[in-house]
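Since the structure comes first, as structure tokens, the remarks are kept for the end.
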């Protein structure tokens, strides 16, 4: 059964009601968030409603010019829109609603890929009020060049998203999916670990096929890609994305994530003894040119490291 056939007429009614409600000044965002996170199908239904509304608005001028004049009773509008969204594709829905042929050319959009080198950062200003700061040695992909469909394939990124209930930003990181309609947060994908830290608002994150977790301002979630288990803990909102100010600030972050961050700034290949990969670290590291990060870390943690060429291995400090 396809995702579209799973979305019932009742669910589309609810999504359409929320779409209208969120346009009002007195919108109840708490109840909307609870409804959205109650079932993955709720987000699919809301996204379908919002996408169709956006397409209609963008094409309204062209459609009115080519469509016959249709008198529509006001009280039938919501019902007609719901049936349209339920029974057709986006282009077919608009054609059915306005009485014009669905012959717009279909264009295939290429993925847009943003990559940074070790020590390099990049600011990306996208459409729809979405801004991203990409940390060194990181990669972000815009699927089909759609700024609301992103994938962080490696590294660290800071997102600043203008609040807009008409669209949902979706970001894939490993086997986790992050959803947001407007907030500020950092997302880190290092090896098999994902770390989400929220500076403002609320963000949802869910493993593939699993239930979503709501992460609010002042919280961070750390999870392993190979496990549905996740750890939710506190973080200072001002420390989220601290790398943009020349510091790496951690609050009970696994050593494996810290080491991956250092590798991005130092340009060295760093591995961690699996026996201590989950050891938590809290502290501040000044980035500088990246050359002192390992030494500073070893001063703050009971670790040692061996360098060989451009490679480094981190181990537990020998017992004294």
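Expressed in units of 2.2 N^0.38 Å, where N is the residue count, the Cα radius of gyration of segment 246-316 is 0.97.
Gain on full extension, evaluated as 0.36 nm per residue between residue 131 and residue 13 minus their Cα-Cα distance, stands at 39.3 nm.
Of all DSSP beta bridges confined to segment 246-316, the antiparallel ones make up roughly 75%. In this simple spin-label model, placing a label point 7 Å from the Cα along the Cα-to-Cβ direction at both residue 162 and residue 123 gives a separation of 1.6 nm. Fully extending the segment from residue 278 to residue 236 would add 13.0 nm, taking 0.36 nm per residue of separation and subtracting the current Cα-Cα distance. Over all orientations, segment 102-242 has a Cα convex hull whose mean projected area works out to 9.3 square nanometres.
The packing ranking of peptides 201-213, 156-168, 119-131, highest mean first, is 156-168, 201-213, 119-131, where packing means the average number of other beta carbon atoms within 10 angstrom of each residue. Note on residue 316 and residue 299: the model spin-label points, each 7 Å out from Cα along the C-beta direction, lie 2.5 nm apart.
Since every read-out is calculated from the coordinates, none of them should be taken as a lab result. Being a predicted model, the structure only gives us computed values, none of them experimental. Note that we place each Cβ from the backbone using ideal geometry, even for glycine, and neighbour counts take in every protein chain shown.
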